[in-house]
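What follows is calculated from the coordinates using simple rules that are stated; it is not laboratory data. As the structure is a computational prediction, the values presented were derived from the model and not from experiment. Cβ atoms come from the backbone with ideal geometry, glycine included; neighbour counts cover every protein chain shown.
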Amino acid sequence: MKRPARGTSYPLFTPKTIARPVAISGVGIHTGRPVRVRLNPAPEGTGILFRRTDSGVEIPALASEVSSVELATTLGRDDVTISTVEHLLAAVHTRDLDNLFIDLNGPEVPVLDGSALPWVHLLEAAGVRMQPGTRRIFAVTAPVEVALGGKRIRVSPYPGLRVTYTIDFAHPAIGHQEVDLVVDRESFERELAPARTFALAADIERLHRRGLGLGGDLDNCVVFGPQGPNNAPRLPDEPVRHKALDAVGDLALVGAPVWAHLEVERGGHQVHFALHEALRERPGCWTWLQGAPRPEEIHTAGALPLPLFGD
């Protein structure tokens, strides 16, 4: 199959997988352990499925499988976990893939350079293969909002995916930052995928004492010391863009393409997961789209009695 040119668009409601297997190795940012990941084409109807090759456990990339949201998003089943899935899932989601086997031989997806860009490049090398059947799109039809202390997350109807993210850090080199972006393949690769994870130097020793952050270094993390970043940021507002990247990856745990305007203030993985729980509890605020709806239809469509989040 001839590899499509960069920027090629595919039928919106046609399921897709990758055209050929690809693999990459690295270390987990928290465990510090080496791990190899191999992405394999999967049959139509599989969804995005993680497979621990060292234990034989399979875990779907769904919100129902989330076991922890502390510092990263972790999936778990039968006492087996796979952590830090968000960067890879953000790349998979924005490359418009529906069915994929993600095989790894350890408990954490490798951090690589701390961003989603290596995953974007790997998936680009894998190509795309269209599949039979019809895919569904998860469309928000009425606003849903969750507040956790001084943090807030909200979704509202939008014919596509738009992300508005705001952060406020006391650190003077970060401070108030915000990004507002309509997310598609090209905009994600250009505006969000290069943004690396970040940390405050003052927090690193505390993380190490807890056995976390053991694989982090200046090659995969922007570290902010008292005088500013210890290594050069790629973007002047890299922290907020990385938070938006994480949100795209966490939103992918719906298990389908998402049409919504996502707004987050002072968010993080806990807040992102709280939105999944709120959507599960409010089925009248979303619907599944199949076919070719007009954009205005997502504002009036009623919820359909179809499964969500793997339930």
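Here are some notes:
- The Kirkwood hydrodynamic radius of the range 197-240, based on inverse pair distances between different Cα atoms, is 10.9 Å.
- In summary, the range 108-155 shows an alpha-carbon radius of gyration equal to 1.85 times the 2.2 N^0.38 Å reference for compact globular proteins.
- Within the shell of other residues whose beta carbon sits under 13 angstrom from the beta carbon of residue 211, the net charge comes to +1, with Lys and Arg scored +1 and Asp and Glu -1.
- Net charge of the neighbourhood of residue 220, taken over other residues with C-beta under 10 Å away and scored Lys/Arg +1, Asp/Glu -1, is -2.
- For the chain, taking the reciprocal of the average inverse distance between every pair of different Cα atoms yields a Kirkwood hydrodynamic radius of 19.7 Å.
- Summarising the amide proton neighbourhood of residue 18: residues at separation of 5 or more, or on other chains, whose placed amide H is nearer than 5 Å comprise 42, 129.
- Normalised Debye scattering of the range 180-276 at q = 0.14 Å⁻¹ gives log10 I(q)/I(0) of -0.61, counting only Cα atoms as equal scatterers and leaving out solvent.
- Net charge, residue 180 excluded, C-beta distance under 15 Å - Lys, Arg +1, Asp, Glu -1: -1
- Average Cα contact separation per residue, the chain, under 8 Å, 6 or more apart, as relative contact order %: 25 percent
- Three-way shape label, the range 70-212, alpha-carbon gyration tensor, a/c 1.5: oblate
- Taken over the Cα atoms of the range 8-147, the convex hull encloses 130 Å³ per residue.
- Each of the peptides 225-235, 104-114, 274-284, 76-86 was scored by the mean count of other Cβ atoms within 10 Å over its residues; in descending order, highest first, they stand as 104-114, 76-86, 274-284, 225-235.
- Hull volume in cubic angstrom per residue (convex hull over the Cα atoms of the range 141-219): 155 Å³
- Residue-by-residue Karplus 3J(HN,Hα) for the range 204-219, coefficients 6.51, -1.76, 1.60, Hz, glycine and proline x: 5, 4, 5, 5, 5, 5, 8, x, 10, x, 6, x, x, 7, 6, 8
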